[in-house]
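In what follows, a single structure is set out as C-alpha cells and then discussed.
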Amino acid sequence: MPPMKMNVKGVPSKPKNLKGTVGRLLSYMKPYKARLIVVCVCIVLSAITNSAAALFMRQLIDGYIIPVVKGQTPVMPLPLMILIVAAIFAVGIFAGYLYNRLMVTIAHSVLRQIRNEMFSHMQTLPIKYFDTHTHGDIMSYYTNDADTLRQLITQALPQTASSMISVLAAFLSMLIVSPLLTVLILITIALMMLFVKMCASRSGKHFIGQQQMLGKVNGYMEEMINGQKVIKVFTHEAKAKEEFDRLNEELRENAFQANKYANILMPVLHNLGYLQYIVLAVAGSFMAIRGFAGMTLGDIVSFLQLSKSFTNPISQISQQFNNVIMALAGAERIFQHLDEVSEEDHGYVTLVNARYDQDGNLTEAAAPTVIWAWKHPHTDGSGTTYTRLEGDVRMTEVDFGYVPEKLVLHDISLYAKPGQKVAFVGATGAGKTTITNLINRFYDIEDGKIRYDGININKIKKPDLRRSLGVVLQDTNLFTGTVMENIRYGRLDATDEECIAAAKLANADDFITRLPDGYQTMLTGNGESLSQGQRQLLSIARAAVADPPVMILDEATSSIDTRTEALVQRGMDALMNGRTVFVIAHRLSTVQNSDVIMVLDGGRIIERGTHEDLIAQRGTYYQLYTGAFELE
C-alpha cells in the first residue's frame with residue numbers, strides 16, 4: 001500500500017483525493033438509483049413536515065386559541081385542526097421509516113459488492129503483496145473499514161441530507177414568519193459554524209490516524225495469537241506486552257485527539273442553542289408587545305419551534321461529521337487496497353486435454369483424457385501447436401532479486417528431465433525455496449530464461465502453469481472443512497475414491513480412519529486438533545490427488561518423526577514415480593536417491609552431481625553429509 005503522507009507528529013494527514021473517494025463511493029450506489037430517488041423524496045417530506053407543523057402551530061394559536069379567548073368565532077374547528085396536524089406528523093413518520101429502511105437495504109447491498117470486489121481482487125494480488133502487508137491489517141479492510149462505510153450509508157448520509165433539507169425548509173419558513181428574527185438567528189448560527197469548523201480542522205486528520213492504527217493493532221494481534229507457543233517458549237510475554245502497549249497507546253492518542261473536539265462539540269452547540277432560544281424569545285416578546293412588524297403570539301411560538309428545527313439539524317450535521325471523516329478514511333484505505341496492482345499475466349499458452357489423431361498428431365480433445373498438452377497459438381500467424389505435458393524444466397543463467405538492486409540468485413542454470421528427481425541442499429537463505437518460487441512464477445526473474453517443456457514460462461498462463469505443478473510446503477495450511485474436503489482441495493473434481501486413494505498413497509489413511517468421523521471429521525483453526533505430522537500427511541495427500549507431472553517438495557517431511565518418515569517416504573516414492581520432482585531438504589537422507597543434487601551457497605550453485613559423486617568430491621556436500629551423520 002502506498003504510504004500515506006504524514007505530518008510532523010506522525011499522524012496521517014487528510015485523504016489525498018477526497019473528491020475522488022466520495023465520487024467512487026457514490027458510484028457504488030448507481031444501481032440503486034430508483035430507490036435513492038424514493039429516499040430523497042421521503043427525506044424531503046420528512047423535513048418539510050417539521051416546518052409545516054410549526055407553521056400550523058401559528059395558525060392554531062392566532063386562528064383558534066386567541067379568538068376563543070377573546071370570545072370571537074375561530075377560523076377553523078379544533079377537531080379538524082387536530083386531524084390536519086396528525087396527518088402532517090403521520091406523513092413525516094412514514095417517510096422517515098421508509099427512507100431509513102431503504103438506506104439499510106442499500107448499505108448492505110453496497111457493502112456486499114465492495115467486500116466481493118475486495119476478496120476477488122485479493123485473489124489476483126501477487127505473493128509479494130502478502131509478504132509486505134500484515135494479515136491483521138488486510139483483515140481490517142473487511143471489518144473496521146467496511147463497518148465505517150455501513151455507518152456512513154445507513155446513518156451519516158441520510159441524516160445529513162435530512163438535516164440540510166430541514167435547515168433549508170426551516171430557514172424559508174422563518175423568513176415568512178419574521179425576517180428580522182431570521183437575521184438575528186443567522187448571527188448566532190455563524191458563531192456555531194465557526195466553532196464547528198475549528199473542531200473539524202483539529203480532529204479530522206486524527207480520524208484517519210485512528211483507522212491506520214486500528215489496522216496495525218489488528219495485525220499485531222494476529223501475529224501474537226499465531227505465535228503464542230513461540231512467545232511462551234522464549235518467555236517473550238513482557239516484550240510482546242510492551243510492544244502492544246506502544247501500539248495501543250498510539251491508537252488511544254489518535255482516538256483521543258479525534259474525539260476530544262468531537263465530544264465537546266455537541267454540549268457547546270446545545271448550550272449555544274439554549275442561549276439563542278432565550279434571545280429569540282425575549283426579542284420576539286418585545287416586538288409583539290410593541291406591535292412591531294405585526295408580530296403576534298402565534299408568530300413567536302412558531303418561530304421558536306422553527307428555530308429548533310433550524311439549529312438542531314446543524315448540530316446533527318456536526319455530530320455526523322465524525323462518522324463521515326472516519327468512513328472516508330476507511331473508504332480511502334479500501335480503495336487503495338482495490339487499486340493495488342494485480343499480478344501480471346501476459347501468458348497465452350494454456351493447458352488443455354489432448355489426444356492423438358489417426359495420423360499420430362496431438363490435437364485438443366473436448367472430453368477429459370489422460371493426456372495433457374500445452375496449446376501454443378503462435379503470434380506470427382503460423383497457427384497453433386500442441387506440446388505434450390511432460391515435465392521438462394530448465395533454467396538458464398537466471399538472476400533474481402526480491403528488490404532489483406539486491407540479487408539473491410546469481411547465474412542459476414539447471415535442468416530436470418521428465419521423471420528426474422532434483423534436490424536442493426544448502427544453508428538457510430541459500431536460495432533453495434526461491435528457485436521453486438520462480439518455477440511457480442510467484443516472482444518473475446530479472447534475467448535469464450526458465451523453460452517448461454521447451455516453452456518460456458512467461459508465455460504460459462499462470463493458472464495453467466500452477467495447475468501442472470504440485471507443491472508440498474514446510475508450513476501446512478488446512479482450511480475449515482472436513483478431512484475429505486481438505487484433500488479434495490488439490491483437485492475439486494476428484495471423487496471420494498480418488499481422495500481416499502491419495503490418502504493411502506501418502507500413508508494418511510490409517511490415522512484418518514481413526515478420527516472420530518473418519519474422512520468426514522471437521523477441521524478448524526488450521527487443523528489444530530491434529531499433530532504437525534498428521535497435517536503434513538494431509539498436505540501430501542492433497543498434492544497426490546492433484547496428480548501433476550511436476551512436484552515441488554519443500555521440506556515436506558520436516559515435521560514428521562523418523563518412524564513416520566519411513567512410512568511417508570514409501571508414499572512419497574510412489575508419488576514421485578514417473579514425475580519430475582524438485583526436493584528441498586535439510587535431512588540429506590531423503591535426497592540420496594536423487595538423480596542430481598544441487599548444493600547452493602549465497603544464491604549460487606557451487607556443486608552438483610549424484611550423492612556418490614559429491615561424496616567423492618569431499619566438498620561442501622561431503623561436509624554437510626558427514627556433519628548430519630555425526631549428529632544422528
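Read the figures in this text as sums done on the coordinates, not as results from a lab. Since the structure is predicted, the reported quantities are computational estimates derived from the model, not experimental observations. All Cβ positions, even for glycine, are placed from backbone atoms using ideal geometry, and neighbour counts span all protein chains on display.
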Worksheet item: At a Förster radius of 60 Å, what calculated FRET efficiency corresponds to the Cβ-Cβ distance of SER413 and PHE244, to the nearest 0.05?
Response: 0.80
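What's the exposure ranking of CYS40, CYS499, going from fewest to most Cβ atoms within 10 Å?
Details: CYS40 14, CYS499 25.
Taking fewest neighbouring Cβ atoms as first place, the list is CYS40, CYS499.
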Discussion item. 5 Å is the cut-off here: which amide hydrogens, built 1.01 Å from N in the peptide plane, fall below it relative to MET551, excluding neighbours closer than 5 in sequence?
Written reply: GLY470, THR580, VAL581, PHE582
Worksheet item: Given a cut-off of under 8 Å on Cα pairs at least six residues apart, what relative contact order in percent is computed for the range 18-338?
Response: 32
Worksheet, complete the sentence: Here FRET efficiency (C-beta to C-beta, HIS108 to ILE278, R₀ 56 Å, nearest 0.05) is 0.80
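Sort ASP547, ASP464, ASP496 so that the residue with the fewest other Cβ atoms within 10 Å of its own Cβ comes first and the one with the most comes last. Display every interim value, and only then the final one.
Numbers: ASP547 15, ASP464 18, ASP496 11.
Final ranking by Cβ density, sparse to dense: ASP496, ASP547, ASP464.
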Worksheet, complete the sentence: In degrees, nearest 10, the alpha-carbon axis of helix 532-546 is tilted away from the dominant principal axis of the alpha carbons of the chain by 80
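With both bridge residues required to lie in the range 393-631, what share of the DSSP beta bridges run antiparallel, to the nearest 5%? List each step's numbers first, then the result.
Details: 20 of 38 bridges.
Counting DSSP beta bridges with both partners in the range 393-631, the antiparallel share is about 55 percent.
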Item to complete: Among VAL370, VAL68, rank each residue by its count of other Cβ atoms within 10 Å, from fewest to most, as a rough exposure measure.
Response: VAL370, VAL68
Practice prompt. Working from Cα positions, state the angle (0 to 90°, nearest 10) between the long axis of helix 620-631 and the longest principal axis of the chain.
Written response: 80
Fill in: Over 22 Å between alpha carbons, listed pairs LYS70/LYS308; LYS128/LYS417; LYS128/LYS216; LYS216/LYS241; LYS406/LYS461; LYS30/LYS216
LYS70/LYS308; LYS128/LYS417; LYS406/LYS461; LYS30/LYS216
Worksheet item: So how far apart, in nm, are the two label points at TYR356 and GLU344 if each is 7 Å from Cα heading toward Cβ?
Response: 4.0
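Give the relative contact order (percent, whole number) for the range 100-186; include only Cα pairs under 8 Å separated by 6+ residues. Please report the intermediate quantities before stating the final value.
Working: 21 pairs, mean separation 37.9, N = 87.
This gives 44 percent for the range 100-186.
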Response to the item:
Expected sort for 358-365, 207-214 on mean C-beta neighbours within 10 Å, highest first, is 207-214, 358-365
Fill in: Phi to ³J(HN,Hα) by Karplus 6.51 cos²θ - 1.76 cosθ + 1.60 over the range 486-497, Hz, x for Gly, Pro
5, 5, 5, 4, x, 7, 5, 8, 5, 7, 4, 5
Response to the item:
quick note, the chain, DSSP beta bridge pairs, % antiparallel (nearest 5) is 65
Worksheet item: Once the Cα atoms of helix 78-124 and of the chain are each reduced to a long axis, what angle between those two axes, in degrees from 0 to 90 to the nearest 10, is obtained?
Response: 20
Worksheet, complete the sentence: The extension gain from SER27 to LYS449, computed as 0.36 nm times the residue separation minus the Cα-Cα distance, is 147.5 nm
Fill in: Distance in nm between pseudo-label sites at ARG252 and SER589 (7 Å out along the Cβ direction from Cα)
5.4
Response to the item:
Treating only Lys and Arg (+1) and Asp and Glu (-1) as charged, each at its beta carbon, one finds that the range 393-631 has a dipole about its Cα centre, in Debye to the nearest 20, of 400
Fill in: Amide H contacts under 5 Å for GLY448, placed H, 5+ residues apart
ASP399
Fill in: In nm, spacing of pseudo-spin labels at GLN532 and HIS378 (7 Å Cα→C-beta vector)
5.3
Item to complete: Find how much the distance from GLU237 to THR363 grows on full extension, using 0.36 nm per residue of separation minus their present alpha carbon separation; answer in nm with one decimal.
Response: 39.1 nm
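For the chain, what does -39500 (n - 2.57) per DSSP helix run (n ≥ 4), summed and divided by total residues, give at 222 nm, in deg cm²/dmol to the nearest 500? Could you put the intermediate results ahead of the total?
On the way: 21 runs with 362 residues, N = 632.
Taken over the chain, the calculation gives -19500 deg cm²/dmol.
Compute the FRET efficiency between LEU78 and LEU175 as 1/(1 + (r/R0)^6), taking r as their Cβ-Cβ distance and R0 = 35 Å, and round to the nearest 0.05. Walk me through the numbers before you get to the answer.
On the way: r = 29 Å, r/R0 = 0.82.
Using R0 = 35 Å, I get an efficiency of 0.75.
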